[in-house]
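*Asks:* First, the structure itself, so that you have it in front of you.
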Amino acid sequence: MSWLISFIIVCKFWLNHHHLLRLARHANYAMVWLNSIFLMFQSLVPFPTALMGEYPKNPIAVGLFGVIMAFNTLLFMLLYSYILKHLLDPEMAGAEDPHVIRKSFVGPFSYLVGTGLAWLNPDLAFAVYFITPLFFITPVHKKAQ
């Protein structure tokens, strides 16, 4: 189950990362560094996944997964915010929901709720971790007016 949850989350990041990079008119040094830091922390995902899979009833193992996912989501939001503020392709202006960053806080909040639940009931934490990426499975677009 931990592998499946991790796989869905990584796929969600990958799909949204692909979408995000298409929004940028070009890359600059700061964006490359932000992107590299995000990818560096994405490379940590197998570690808490393995811990959670090996020790599914251990609150530290299950909670660490939530902390890593919350942090990765915050890093992605930082990259997203930077691109929207500094590198947005003028042709893409207006295509994004202007509240996308604010709405994205659902992710870190939910992962941290799962982290807290790990101490009460690790199975509930698994459920929260499974449900959370479903809110972001496709990129958020501005609604037609």
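FYI, it's all coordinate maths here, none of it is from the lab. Quick caveat, the model's predicted, so the values are computed rather than measured. We place every Cβ from the backbone using ideal geometry, glycine too, and count neighbours over all the protein chains shown.
*Asks:* Would you please give the residues with an amide H less than 5 Å from that of Ala24, counting only those at least 5 places away or on a separate chain, with H modeled from the backbone geometry?
*Replies:* Those lying under 5 Å, H to H, from Ala24 are Asp89.
*Asks:* If Lys and Arg each add +1 and Asp and Glu each add -1, what is the summed charge of the other residues whose beta carbon sits under 11 Å from the beta carbon of Leu84?
*Replies:* For residues surrounding Leu84, the net value is -2.
*Asks:* Given +1 on the Cβ of Lys and Arg, -1 on the Cβ of Asp and Glu, and no further charges, what dipole in debye does the range 34-145 carry about its Cα centre, rounded to the nearest 20? If you can, show how the numbers build up before the last one.
*Replies:* Values: 6 positive and 6 negative charges, 45 e Å.
Magnitude of the dipole: close to 220 debye.
*Asks:* A follow-up question, please. Short version: ³J(HN,Hα) in whole Hz for each residue of the range 56-64, in order, from phi by Karplus 6.51 cos²θ - 1.76 cosθ + 1.60 (θ = phi - 60°), x for Gly and Pro, what are they?
*Replies:* Coupling constants for the range 56-64: x, 9, 8, x, 5, 5, 6, x, 4 Hz.
*Asks:* Could you give me the ³J(HN,Hα) list for the range 100-117, computed from phi with Karplus coefficients 6.51, -1.76, 1.60 and θ = phi - 60°, whole Hz, x at Gly and Pro?
*Replies:* 4, 5, 4, 5, 5, 5, 4, x, x, 4, 5, 5, 6, 4, x, 4, x, 5
*Asks:* Once the chain is represented by equal point scatterers at the alpha-carbon sites, with solvent omitted, what log10 I(q)/I(0) does the Debye formula produce at q = 0.10 Å⁻¹?
*Replies:* -0.35
*Asks:* So what's the gap between the Cα centers of the range 52-98 and the range 9-23, to the nearest angstrom?
*Replies:* 10 Å
*Asks:* While we're looking at this one, here's another question. With point charges of +1 on the Cβ of Lys and Arg and -1 on the Cβ of Asp and Glu, referenced to the Cα centre of the chain, which listed residue (Trp119, Tyr55, Gly94) lies farthest in the positive direction of the dipole?
*Replies:* Most positive-ward Cα: Gly94.
*Asks:* Related question: Relative to the longest principal axis of the chain, what angle (0 to 90°, nearest 10) does the C-alpha long axis of helix 122-131 take?
*Replies:* Value to nearest ten degrees: 20.
*Asks:* So what J values fall out for the range 38-52 if you push phi through Karplus, 6.51 cos²θ - 1.76 cosθ + 1.60 with θ = phi - 60°, rounded to Hz, Gly and Pro as x?
*Replies:* For the range 38-52, the Karplus curve yields 4, 5, 4, 6, 5, 5, 7, 3, x, 5, x, 5, 5, 4, 5 Hz.
*Asks:* Only Lys, Arg, Asp and Glu count, each charged at its Cβ (+1, +1, -1, -1), so figure out the dipole size of the range 47-103 about its Cα centre, rounded to 20 debye.
*Replies:* 300 debye
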